[in-house]
Structures are given as C-alpha cells and as structure tokens.
Amino acid sequence: MSSEEASGSSGTGDAVPILEARNIVKTYGGVTALHGVTLRLTAGHVHALAGENGCGKSTLIKIISGAERPDSGEIVINGVSHAHMTPKGAIQQGIQVIYQDFSLFPGLTVAENIVLTSAVAEKRTLYSRRQSRPAAQQIVDDLGLSLDLDQEVERLSVADKQLTAICRALINDARVIIMDEPTTALTHSEVQRLFALVSTLRARGVALVFVSHKLEEALQVAQDVTILRNGELIISGPATDFDRRSISHYMTGRDVDESRLVNPPRYDRDPVLSVQDLTLPGAFENISFDLHAGEILGLTGLLGSGRSEIAEALFGVLRAESGRTIVDGKATTIHGIRDAIDAGIGYVPEDRLTQGLFLDKSIADNVIASSLERHRRRGLLDARTIAATITEQFQRLRIKAPNVEAPVRSLSGGNAQRVVLAKWLANGPKILMLNGPTVGVDVGSKEEILTILRAQAAAGMGIIVISDDVPELVSVCNRVLVVQQGRISATYSGDDITPEAIQEGMAA
Amino acid sequence: MTDQKTDESVTRSTVRESNRRVDSAVMGAISRFHLQHGVVRMLVLTLLAFAIFTAVKPRVFLNPLNLQNIAIAAPEIGLLALAIMLTMLTGGIDLSIVAIANLTAITISSLYTAIGATDAGLAESLAPVIVLVGLAVGAVGGYVNGLLVSRVGITPILATLGTMQIFNGIAITWTGGKTLYGAPAMLTTFGRTVIAGIPALFLVLVAAAIVLAVVINKTALGATIRLQGANPVAARFSGIRTDRTLTSTYVMSGLLAGLAGILFVSRNPTASADYGSSYVLLVIVIAVLGGTNPNGGFGTVLGVILATLTLQIVSSGFNIIRLSSYDYAIAQGAILIIIMVIDQVTSGRRRRTVPKISDALATPTES
C-alpha cells in the first residue's frame, strides 16, 4: 500500500541531485587516491560506479559514508554542504552502504537483523521482539519480497542475505544505497530478482550506486555511469551513451579484446582426463566427459547446479560415490586432495581468499606452497631452484608487486589470483581446473589471465574453467558443458559457442 | 640527430630500469625488516635488560659465576619455549610439555635406580640407553598429542590440557608424589661440564636451536608447518597433508620436552612430578615475547632464544637487587603486556600503510 504512495510522490525523471560529492581529493601518505572526483546521485536513479581495482572507487564510497575524511572537496546533501561525513552522520542523512559481506549477524533472525541497527540508532535500551516483527514485516511487504522473517540469517542463501541487508537499509530511511559488487554471488535468476527490487526502490525515490565489475549488468540497470581510473574521473554521463566496449575502454585506457580466440586442442591423442559416470548423489549424477591436451573446457551452470561440486570431486575435496576417473590413460582413484595433485591435477578454488591463499605470507611462500616436494634435495629445500621457480612464475605471470617478499594481502584481486595460478603452474600440472578464475578481478587483469590460460593450453595443458561469466567462456573455451541439477544438460563446441546459446542453455 | 635521440631514450630507460631495481631492493629490505622485526626488537630488549642490571650492580651481575648461572638455568626453559613456539607455528599450543619433561626425568631416574639397585656398574654403562628411553617417552607423549589434534581433531589447547593432566597424574602416582633421587653419573658430570667458559647445558640449547631452525626454515616439513599455521584451509587445498604435519609437530615438541627433562636430571640428580610447575605460563610468555604469533604461521627460533635470555637476565637481576619471585612474576606479565601493546600500535600502523606503498608502486606500471 505505502509503496504505491511512495511511487506516486517521487518521480524518476527529475534530475535534482540528492547527493553530490564535489571535487573530492584524498591522499594517503604521498599517494593520491582521488584527484578531484565528482559524483552526482539523482533520486530514483541507479548510478554505476566502475573502474579497475585500485582506481579509487572504494575510497570514494568510504568518504561518502564517513569512514574516511577527504583532504578537500565537499559533500552536498539536499543543498547542504559538508566538509566531510561521519559514519553516524551519514546514516542519519540516509546514506547506507551494503558491503559484499553484508555485515549481518548470522545467529539472529531476519526480522532481528532488519530491525536491530535502527533500534540501536534510536538508543533504545530494551529490545522487544514483539515490536520489531511488525516493522520488519512492513518493509518486506512494501517491497513485495518473500523472506522468512523467523529464519536465522546464516541459513539464508546469499541472495536472501542481500535482500535482508537491503531491508535493513530501508528501515533506516535510506535515501542513498551504495551496493558493493551486488551481483557477484548471485545466479542469473537472482540477479533478475534483484533488478526487479531495484526498480521498486527507484520508484520510492531512492538513489542507488552499483559498484560493479560486471559491465553488461551495470548497463542493464543503471541510468548514470561514472568511471574512475587511477583516482581520476574519466567520464560521467547517462548510461545510454555507453556500451560494454566503451566502458571497458574507459576503465582500462585501452581496448580490451574479448573476442573469441582459441587454439585447436590435440584431439588426435588420447584424452588427458576422462571422466566416466561420476556420481555423488545430491550433488551430481552420471557426469562423463573427456578433456584433451591443449583444450580449454568450460563447465557452467547456475550456482547450486553442481558445477563446483564436480570440480571438487575431481580434486578430492569431495569423494564421488561411483564412476571412473582416468588420467593420462590410467584409472585413478581420487580420495583426497593429495591423490589429485599426485595424479597431476591442480585446482584454483572459487574462494581464493580462504582456500587459495596464505594472505599474510609472502608471494614467494605462496608460490611454492604446492610444489615443496619438487624442490627437495637431500632432505632439505633447495634454495636455488626455489628462487628460480619463484622468479620464473613472478615474471611469467607478470605479478605486479614491489617484490616477491610482499605479503599477498597487499595485492589487488587480479594479482592475488595470479599468485594462486603461479602456485599451481610451479607444480607443472597436466590438468588445471579453475573455479571462477576472474571473479573479483578487474577487466585488464581478466584479459591477461585468459591470455595466460590460452598459453598454458597451447603448451599442452588440459584446462577446465568453471564459470558463469558467459563472455569469458565464449572467449577462451574450445567446448562448454552446461550443468543443470547435477547433470550435463548441453554441450557446445566450435561455432555453437555463442553468448546467447550458453545463456539459453543455463536458463533452460 | 636521430642517433642522439635514441641514445637519450636508451639512457632514460636504463635509468628507469635501475630506479625500479633500487626500489624493489629497498622494498625487499623493508619487508624483510618487518619479518625480522621481532628478532631485532628482542635483541634490543636483551641488551637493554643486560645493560640495566650491569649499571645497577655491575660487580655482582657481571661476576662470571652469575653469568654461568644464567647460562645453566636458561637451557631447560629455552627448550620448552622452543617446543611451544613450534606448536604455535601451526596455530596450536602444547600445554603438556612440562608434564612430559617431568615424565622423562622420572623415567630416567627410576630406571637408573632400579637397575642400580642390583648392579650399579650396569646402570652406569646402560646410561645412554636409559637416556634414549627417556627421550622416547617424550616422543610418545608428543605422538599422543599429535593423534588427538590431527586425527581426532580436538582443539590443541584442550587436547594438551587433557594430556597434561594425564601425564602429570601418571608421574604423581608413579612417584607417590615424592622426589626421586639418583641419575646416571654420565648426566650429572655433563651437567657440570664447562667448555671454554660456557656450560655444556647451554651448548645443548644452542645445538637444539640450530637443528630446529634448520628444520623450520630449510625443510619441506618446516614450510608446511608455517603454511599450516598461516591458513589451514589453504594448506589443505595446496595438497599439504595436514594430519602428517601436525603429528610431526607434536612429536618434535614432545622430543624437545624430553630433552628438557634430560637437562632437569643433568642439573640436579632428582626428579619429581611437580618440578617447574610455573614453567608452562613462563614459556608461553617467552614464545610470544620472542615474536611468535599465537594464531600461527609466524615465529623465529632466534627470537625465542633471545626472549629466554632476557627473562633469565631479568630473573637473575631481580635476585641480585633482592626483589622476590613475586616481583619477577609481575615483571613477566608487565613485559608481555607492554610488548603486546607496542605490537598492536605498530602492526595497526603497518597494516594501514603497507598496501598503500605497493599501490603506489603498482599504479605507474599499470597505466
């Protein structure tokens, strides 16, 4: 009911900025993170804020939300100028940031999560479960969502957690909602659901900021686009002026090649990996495919389709119940990760921060973590060959870091992913599986990572890319398998690999 | 004309190249200094403690006998601190080390007296075997801890708290709570030996420290121990055999504790279940003071050795200026907390600045 009222009261066409960050300058030490950047947010508009990692996006958000103070510039909210914001002041002004981890309390219910922060903000001493529920219910109904208010948040899907965070923002009377990479962890249909909610929010007169790497999604939903590079405002304008290609051009300062480029695999030889009727009830069933040397095989499907579980079973994280795995013509039993590695399989996991990297360790320590056995000589580690391996990988993958002793924590997403790749390449695997190889990686690094994969395939490695990034699959894969509810539902090869076909296969 | 131009650009690019190289060398030195931070800090602290007590009571403190006393008391504590540091490297802890050390000491003493009761000469000639049996007791104790932590999956602090009670209980029932007297002459002679002014016991600590440093820094096992502590999940996904690494760690910890037990009986030909009951907390303080990260992944042998010496110097200094052991306990706690506060302050600042420096270096190459 009240949502209709809200939509009536605020039009989407008027271009009066609800918030304007003007000429923001921010330096850290001697480094300028933002050189006079301006961002204008309009009520009822979605503003896509794009840029490669380290371009200053997060600094700008921190300044708007009051987490950092600008060196100069002003933040104008409804005509009132502020030299800087404070976290509390920002919330009072209706500015809400939804970070990637959503900052929810996992042990509390959805209703409690929605209501609690506003109760704290109002300095209420006692918390009443009875009073809180109707307020939460109201928001959920207003937005037309189906959220179970009594469910504990830790049991929710990523998408529902995000919805909870959005509801929490709205109960605090948010007029500006900034969302950091809102679609990364969502499936295609969940993204569509989010976008439907976004139009409801727009109708309520909320200004939204999408910080995103996924260009076509940003274009699908945004009215305004602002692009930053190296702390400078490159361009800002209506979304209709941009397309995928021009955005990536502005982001990287060069043309990014996303065209399809594949080398012919060695189909004449026996497959390097042959999977036959691999089954793990509840996860996947009767999975059979061959992987040839020099081939890049795409494994795609929605989140929860079983695509990740198949990879994890081949790497020994999960144990398949039946089926055969033949590596290089030899039947191989993979009961643990070590079995997989000994058979010549490497795996770049989806969650690279916890599963792939030792964040506080140096790049050097990370690179040799999987190949320690290879670098032994008379019981001791051979410092010379280790140094050679590290330098070789560091240079081959062009990891941008001051030196190999730098902790991985200090690297950007793209460089961190290269370190995980380096770790496996140092072990010389015959088969390399990569789960979401370019998630959270900026456009320029993404292209370079794909180039590295092509080079490895050309050198004879068999590569499996597990991904739901369709343009990426089209760009590198010789064949693409679509997984649906644990079964391979479609296979595409050669000229049949088009974005439309794969998208259709996933959604079918 | 054109030649000159290319010359110029060549020079410019070589200058840029050499600048880059200097940059990366400096950054390397800085980050290495951060890694060695704990060691440098400990060295300063050791020298400071030494200087203070030298200034206060130079005659008594610098007396060779006093210095030798420090060098005789430090090794057993140092070995136990190394043991706990090793387990902390994997992100665990071993609370049972003192109980294991006592069990080793009791084994050696009672085996020696039992054999000696029938044939004193035989007991003496079997001394090396008896010592090895004592060490084996340490290894077995450590293996039990290792199984509980790695195979059963019990949190190290709880697993070793349990085994500490068990080992201690075994020691008490075995000895009836009494102090056992008697140790092979081989050990007691060794305990009194001084080589070039340095007590042999201290050389045992130095040797053990060198071996442990080689294991931690130069072997695949050492690397896996450090990686395991830094991120157990990533260690598993990197193909590191977690259970094997943990079991080896706790066996090594048990062996070091056993060696400490051998030093107990070498210093004093006695053994009892309640010897060194205050050591558990002391060695945790030493390990952390020496720069070991209790969350795992980081720690150095040298840092722990220096921390051992510092606390021994403070202990002996307090003795000389006639402060009680209670004052020493207060000093231990105060030193630990001051160091932790300094750590918090500096690491907070470092965390804020380090990524920015690398960003600054990364951006020019990016564009």
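The values are calculated or read from the model by the stated rules, or taken from the named source; none is laboratory data. Please read these numbers as outputs of a predicted model, since none were measured by experiment. A quick note on method: Cβ atoms are made from the backbone with ideal geometry, for glycine too, and the neighbour counts reach across all protein chains shown. Just the protein is used for accessible areas: all its heavy atoms, side chains included, with ligands, DNA and RNA removed. Shrake-Rupley method; radii C 1.70, N 1.55, O 1.52, S 1.80 Å.
Measuring only protein heavy atoms, the 1.4 Å probe finds residue B:111 accessible over about 60 Å². Over what distance in Å are the Cα centres of the stretch B:95-162 and the stretch A:225-287 separated? About 60 Å separates the Cα centre of the stretch B:95-162 from the one of the stretch A:225-287. The trypsin sites (Lys or Arg not before Pro) of the stretch A:85-141 meeting both criteria, a DSSP state outside H, G, I, E and B (loop) and at most 15 other C-beta atoms within 10 angstrom of the site's C-beta, are A:123, A:124. Under the classification rounded if a/c is under 1.5, otherwise prolate if a/b is larger than b/c and oblate if not, where does the stretch A:95-174 fall, given a ≥ b ≥ c as square roots of the Cα gyration tensor eigenvalues? Rounded is the answer for the stretch A:95-174, as its axis ratio a/c remains below 1.5. Of the peptides A:281-289, A:262-270, the order by per-residue mean of other Cβ atoms within 10 Å, starting with the highest, comes out as A:281-289, A:262-270. Taking B:275, A:28 and ordering them by how much accessible surface each has at a 1.4 Å probe, largest first, produces B:275, A:28.
For the protein assembly as shown, the 222 nm mean residue ellipticity estimated from helices alone, with every DSSP H stretch of n ≥ 4 adding -39500 (n - 2.57) and the total spread over all residues, rounds to -17500 deg cm²/dmol.
Under DSSP H, which helices of chain A have Cα atoms covering 15 Å or more of the helix axis and a Kyte-Doolittle average no less than -1.0? Span-like helices here: A:110-121, A:158-171, A:188-203, A:383-396, A:413-425, A:443-458.
Inter-chain neighbour count for B:215-222: the average number of beta-carbon atoms from partner chains within 10 Å of each residue's beta-carbon is 4. For the protein assembly as shown, the mean projected area of the C-alpha convex hull, equal to one quarter of the hull surface, is 47.7 nm².
Of the residues B:173, B:113, the one with the largest accessible area comes first in the ranking B:173, B:113, computed with a 1.4 Å probe on protein heavy atoms. Rolling a 1.4 Å probe across all protein chains gives residue B:210 an accessible area of roughly 100 Å². For chain A, the relative contact order is 15 percent, taking Cα pairs closer than 8 Å that sit 6 or more residues apart in sequence and dividing their mean separation by the residue count. Using the alpha-carbon centroid of each, what span in Å lies between the stretch A:403-454 and the stretch A:126-201? First find each Cα centre; the distance between them is then 34 Å. When B:62, A:314, A:104 are compared by accessible area at a 1.4 angstrom probe, the order from most to least is B:62, A:104, A:314.
For the stretch A:273-507, the tally of Lys pairs with Cα-Cα distances below 19 Å comes to 6, considering only residues 8 or more apart or on different chains. Residue B:279 contributes an accessible area of around 30 Å² to the protein surface, as traced by a 1.4 Å probe with all chains present.
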